[in-house]
Amino acid sequence: MQTIRHSEQTLKTALISKTPALVSQYESLDAGERRLMNEAFQPNSALFEPITLHSESDWITSHPEAPQDFEQFFNDPKRKTPSPEKSSIYIQSIGSLGNTRIISEEYIKWLKGYCEAFFYGLTVKLLEPIPVSATRCSFRVNAHTQNLQIHTGDILTFLKRKKPENAFCVVGITMIDLYPRDSWNFVFGQASLTDGVGIFSFARYGSDFYSSRYEGKVKKLEKSSSSEYSVFDNYYIPEITSVFLLRSCKTLTHEIGHIFGMRHCQWLSCLMQGSNHLEEADRRPPNLCPICLRKLQCAIGFNIVERYKALLRWIDDEPSNKPGVTPKHSREGNVNLPKRVEAFKEWKEWIMKCLAVLQK
Ligand SMILES: [Zn+2]
Ligand SMILES: [Zn+2]
């Protein structure tokens with residue numbers, strides 16, 4: 001195992017920069033927020049650790065990229081920022097997400113709530129769920145894994161057409177695996193930063209995808225029925241366990257982070273680290289390092305304490321106490337599924353440690 005350890009000075013410059021205007025912008029932040037972010041360059045910080053590499057197939061080794069510090073993010077002319085007119089994140093589910101309507105509905109509400117806390121200050125809205133057929137996308141059976149896959153480019157074109165006027169971005173989520181072009185085996189997701197659209201699949205996040213008893217295998221697609229979307233009816237959907245929920249929350253926030261113009265993080269252990277395979281994605285924490293946190297705060301303008309408290313409320317399953325939102329008393333006959341948050345225990349403890357630093 002290899003550790004990427006940057007010097008204190010490197011991390012400090014990546015976070016604060018040396019440009020006077022950005023230094024004074026940093027100094028105008030709340031004292032508690034600076035205390036937390038300064039943990040980035042404290043050796044032996046209990047909150048932020050260096051990145052570790054575990055194998056040759058890890059992202060940084062296999063995809064060398066230029067790092068992006070706060071200043072580069074701030075000065076990126078192509079970066080898109082939410083504005084009062086375009087301040088909503090829309091989530092479009094494509095195909096069923098759960099094995100029952102109630103599971104699908106609850107799961108997407110959990111994701112919505114999580115994104116709303118993570119991108120605190122923005123509104124997250126759900127578009128009416130649609131079947132795969134509504135997108136008119138191409139699809140295929142993967143020759144190696146024998147599961148159904150849908151074409152990312154077609155879905156992105158569809159989402160771009162559907163993008164509401166007040167949308168900062170629209171992200172599609174699906175339980176069907178994705179492929180970007182015929183020669184590729186699969187892709188976890190794809191986004192167009194200029195168009196503010198993305199599509200992400202959680203198909204490979206189930207516990208059984210890579211096992212021999214995976215039930216999503218399709219024998220053969222009849223040639224004549226290659227445009228026949230009925231193959232997606234009752235197609236296999238992985239069970240939404242607590243680990244599955246954590247994986248999907250992490251993926252969604254990482255990918256939406258890219259739409260804000262955040263590149264892969266090479267500074268500290270961070271949600272924005274690239275990941276090449278599931279084990280590496282699991283190793284990546286759900287939190288942003290201070291450098292990425294400053295980027296997101298600069299784009300959205302949230303108070304960091306309020307944001308962490310919102311994340312805690314989501315984990316604790318408390319109704320949001322945003323002004324104007326009254327908790328629903330009538331459940332319209334629906335049974336409310338308890339949110340599966342066992343896998344979020346460490347994340348919760350970490351947030352509480354941050355709040356202690358912020359509110360010292
Ligand atoms: Zn990424
Ligand atoms: Zn980071």
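Every read-out reported here was derived from the displayed coordinates using simple, explicitly stated rules and does not represent laboratory data. Everything numeric here is computed off the predicted structure, so don't read it as measured data. Cβ: placed from backbone, ideal geometry, glycine included. Neighbour counts: every protein chain shown.
Based on the Cβ-Cβ distance of R161 and N185, what FRET efficiency does E = 1/(1 + (r/R0)^6) give at R0 = 30 Å, to the nearest 0.05? For R0 = 30 Å, the calculated efficiency reads 0.60. Between the range 266-285 and the range 8-70, the alpha-carbon centres lie 15 Å apart. Under a 5 Å amide H cut-off, with hydrogens placed 1.01 Å from N, S87 pairs with F168 among residues at least 5 apart or on other chains. Taking a straight line from the alpha carbon of K160, these aspartates and glutamates sit under 16 Å away, with near neighbours fewer than eight places off in the same chain left out: E128, D195.
A Förster radius of 30 Å, combined with the Cβ-Cβ distance separating V231 from R79, puts the computed FRET efficiency at roughly 0.15. Taking the Cβ-Cβ separation of D282 and T19 as r and a Förster radius of 30 Å, what is the calculated FRET efficiency to the nearest 0.05? The pair D282/T19 has a calculated efficiency of 0.25.
For T10 and V243, the difference between the fully extended length at 0.36 nm per residue and the C-alpha to C-alpha distance is 80.4 nm. Peptides 90-97, 213-220, ordered by how many other C-beta atoms sit within 10 Å of their residues on average, highest first, read 90-97, 213-220. Amide H to amide H distances under 5 Å link D69 with no residue, where only residues 5 or more positions off or on other chains count and H is placed in the peptide plane. Need one word for the range 172-245: rounded, prolate or oblate. Basis is the Cα gyration tensor (sqrt eigenvalues a ≥ b ≥ c); a/c below 1.5 gives rounded, then a/b vs b/c decides. It comes out oblate by the Cα gyration axes.
Fully extending the segment from T100 to E318 would add 76.1 nm, taking 0.36 nm per residue of separation and subtracting the current Cα-Cα distance.
Taking 4.7 Å between beta carbons as the limit, the unpaired Cys residues of the chain are C115, C137, C169, C249, C292, C298, C354.
Past 22 Å, Cα to Cα: identify those pairs from K109/K309; K80/K295; K112/K162; K78/K125; K86/K163; K339/K360, in the order given.
Working: K109/K309 19 Å; K80/K295 12 Å; K112/K162 19 Å; K78/K125 25 Å; K86/K163 11 Å; K339/K360 31 Å.
Pairs exceeding the cut-off: K78/K125; K339/K360.
Among 348-360, 242-254, sorting by the average number of other beta carbon atoms lying within 10 angstrom of each residue, highest first, gives 242-254, 348-360.
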